[in-house]
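As structure tokens, the structure follows; a few thoughts come after it.
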Amino acid sequence: MAALLLGCLFLREAPAHDGPEHERPPRKAADADVWKPSLVPDRIILTWEADPRTSMSATWRTSTEAPQAHGQIAPAEAGPGFAEKARTIAATTTRLDSDLGAANYHSVTFKDLMPATKYAYRVGDGVNWSEWSQFRTASDQPEPFSFVYFGDAQVDIKSHWSRVVREAYSDAPKAAFLLHAGDLVNHAESDAEWGEWFHAASHLHQMVPCVPTPGNHEYVAAKRFAGVIPLQLRLTHHWRNLFALPTNGPKGLEETTYWFDYQDVRIVSLNSNVGYLEQAEWLSKVLADNPRKWTIVTYHHPLYSSKEGRDNPLLRAAWQPVFEKFQVDLALQGHDHTYVRTGLMTGENVATGVAARDSNFGTVYVVSVSGPKQYDVGRRPFMHRAAEDTQLYQIITIDGDELRYEARTAVGEKYDGFTLKKRAGQPNELIDQIPKTPERLRTK
């Protein structure tokens with residue numbers, strides 16, 4: 001009986017003895033552990049370094065232990081037999097020493113592809129391979145297509161941006177590419193933030209090409225005056241390691257200022273951080289010889305900002321005359337952490353006044369934000385639709401003489417829309433298709 005009582009006492013005391021073990025607070029995983037590279041490829045992303053009809057570039061990361069890198073590609077088939085027909089292309093490798101340690105970044109460009117064809121590809125060192133993923137090359141004909149445009153992701157990327165990019169993909173699963181108007185991350189040299197950005201879109205980057213333009217948060221101060229005011233900016237070391245982009249921009253701005261044609265659209269990325277006048281001259285040449293029906297430009301700092309105090313008059317003075325001269329149809333911007341969409345704007349429009357020729361000539365300007373960092377709007381007459389405290393993505397469709405635009409919130413609800421129609425010998429016709437839902441604006 002004594003032994004039984006002693007056993008019962010022991011059992012009753014056990015929870016108290018084990019308590020501290022159960023009450024131990026969780027430990028935050030170290031960034032160096034979470035985002036550590038390995039021999040297995042990660043951060044795989046598709047971009048275009050050359051013609052989207054006949055090429056595709058892939059970039060990925062491994063640990064520095066990976067001795068070599070290759071890409072394999074074959075026309076996709078219904079069965080697994082395509083793998084036996086894959087050709088192997090050697091990749092280029094560069095080492096990046098980030099704040100979390102060293103990694104190798106590899107890049108390969110698949111060339112001599114057939115237009116409008118689905119391909120399967122994988123990347124690796126010959127032993128450690130990624131899974132096979134698929135993409136489709138652009139057509140050599142002006143077929144209809146859609147793409148998705150994102151404003152700044154920037155902060156809380158894994159936590160808050162993930163749902164936006166994934167919701168966008170669920171609405172536009174056949175998107176030709178994903179366009180990012182700058183400030184992909186908050187701290188340009190933070191390897192953990194770039195890790196979050198890749199995590200958020202996950203395998204989508206392996207299937208849908210990325211078209212990025214750099215924001216101010218992709219730059220760091222290379223030199224400072226009195227240790228405070230930036231005198232010289234430097235592009236993050238991550239940019240050219242992560243993305244293989246066209247090198248057809250002005251000298252020194254390659255892969256940040258560039259252009260490419262996707263079917264019947266000329267897409268131009270401008271770098272609004274540096275070299276405004278140099279890029280204006282370059283852009284004039286790019287657009288003077290443009291056989292495409294549509295012209296879309298993207299850059300970070302808005303020509304028409306969402307609030308008067310954030311205006312960029314020097315940038316507007318340098319670039320808008322070129323947009324107007326060569327009839328740029330649509331400008332996709334970021335930076336202001338709000339949503340604003342204009343009508344057709346020209347140099348006659350004053351940023352603080354009424355749009356004098358609004359609705360019959362000019363370029364449509366959009367500012368949007370996809371991440372959780374939010375600012376306020378200074379409502380002005382040229383704004384056809386605006387929003388605060390709203391994460392959005394935009395689906396843009398090109399179909400012959402029509403450009404259709406939809407802005408959707410993070411939960412997929414339509415927030416704004418319009419159609420641009422080409423008219424022979426006349427300016428574009430703008431047809432607003434704004435939902436009847438009230439604007440999402442703070443109570444002032």
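The values are calculated or read from the model by the stated rules, or taken from the named source; none is laboratory data. Predicted model, so just to flag it, every value in this text is computed and none were measured. Don't worry about glycine lacking a Cβ; one is built from the backbone with ideal geometry, like all the others, and counts go over all protein chains shown.
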### Message
Condition first: under 21 Å from Arg61 (Cα atoms) and either buried (at least 16 other Cβ atoms within 10 Å of the Cβ) or at pLDDT below 95 (or both). Can you find one or more residues in region 138-153 that meet it?
### Response
no
### Query
So which of Gln433, Gln391 ends up being of a type outside the set (Phe, Trp, Tyr) and touching a helix residue (DSSP H, G or I) at 6+ places or on another chain (Cβ under 7 Å)?
Gln391
#### Entry: Test for Asp171: is it under 26 Å from Glu196 (Cα atoms), out of contact with any His (no Cβ under 8 Å at 6 or more places or on another chain) and of a type in the set (D, E, K, R)
yes
### Task
Quickly run through region 246-260 and pick out the residues that are part of a loop (DSSP other than H, G, I, E, B) and within 29 Å of Ser139 (Cβ to Cβ).
Pro246, Thr247, Asn248, Gly249, Glu254, Glu255, Thr256, Thr257
### Message
Pairs needed: first member in region 328-344, under 16 Å from Ile267 (Cβ atoms); second member anywhere, among the aromatic types (Phe, Trp, Tyr) and part of a strand (DSSP E or B); C-beta distance under 6 Å; at least 6 residues apart or different chains.
### Response
Asp329/Trp294; Ala331/Tyr365; Leu332/Tyr149
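Quick grid of which residues meet (1) buried (at least 24 other Cβ atoms within 10 Å of the Cβ); (2) farther than 25 Å from Asp33 by Cβ; (3) modelled with pLDDT under 95:
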position: Asp156; (1), (2), (3): no, no, no
position: His160; (1), (2), (3): no, no, no
position: Leu184; (1), (2), (3): yes, no, no
position: Gly195; (1), (2), (3): no, no, no
position: Cys210; (1), (2), (3): no, yes, no
position: Pro214; (1), (2), (3): yes, yes, no
### Summary
Counted residues in region 169-206 being aliphatic (A, V, I, L, M) and out of contact with any helix residue (DSSP H, G or I) (no Cβ under 9 Å at 6 or more places or on another chain) come to 4
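So that you can scan it fast, the table gives a plain yes or no per residue for (1) touching a residue at least 60 places away in the same chain (Cβ under 8 Å); (2) in contact with a Leu (Cβ under 9 Å, 6 or more places away or on another chain); (3) of a type in the set (Asp, Glu); (4) under 30 Å from Thr409 (Cβ atoms):
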| position | (1), (2), (3), (4) |
| --- | --- |
| Ile89 | no, no, no, no |
| Ser107 | yes, no, no, no |
| Gly126 | no, no, no, no |
| Asp152 | yes, yes, yes, yes |
## Note on the structure
Among Ala78, Ala102, Ala120, Ala83, the single one that is free of Cβ contacts under 8 Å to residues at least 60 places away in the same chain, assigned to a strand (DSSP E or B) and either in contact with a Cys (Cβ under 6 Å, 6 or more places away or on another chain) or surrounded by fewer than 18 Cβ atoms within 10 Å (Cβ to Cβ) (or both) is Ala102
### Query
Only one of Arg87, Arg61 is modelled with pLDDT of 95 or more, closer than 19 Å to Glu189 by Cα and basic (Lys, Arg); which?
Arg61
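Taking the stated definitions as given, is Gly151 in the same structural domain as His337 (by TED's automatic domain parsing) and over 17 Å from Ile45 (Cα atoms)?
Taking the combined requirement at face value, the residue satisfies it.
What do you reckon, is Ala244 touching a Lys or Arg at 6+ places or on another chain (Cβ under 8 Å) and surrounded by 15 or more Cβ atoms within 10 Å (Cβ to Cβ)?
No.
Okay, residues lined up against (1) over 18 Å from Asp152 (Cβ atoms); (2) modelled with pLDDT of 95 or more; (3) of a type in the set (Asp, Glu):
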site	(1), (2), (3)
His337	no, yes, no
Glu348	yes, no, yes
Tyr375	no, yes, no
Pro381	yes, no, no
His384	yes, yes, no
Tyr415	no, yes, no
#### Entry: All positions within region 407-444 that are in contact (Cβ under 8 Å) with a residue 24 or more places away in the chain and basic (Lys, Arg)
Arg408, Lys422, Arg440, Arg442
### Message
Just to be sure I understand, how many residues within region 331-345 are of a type in the set (D, E, K, R) and assigned to a strand (DSSP E or B)?
### Response
1
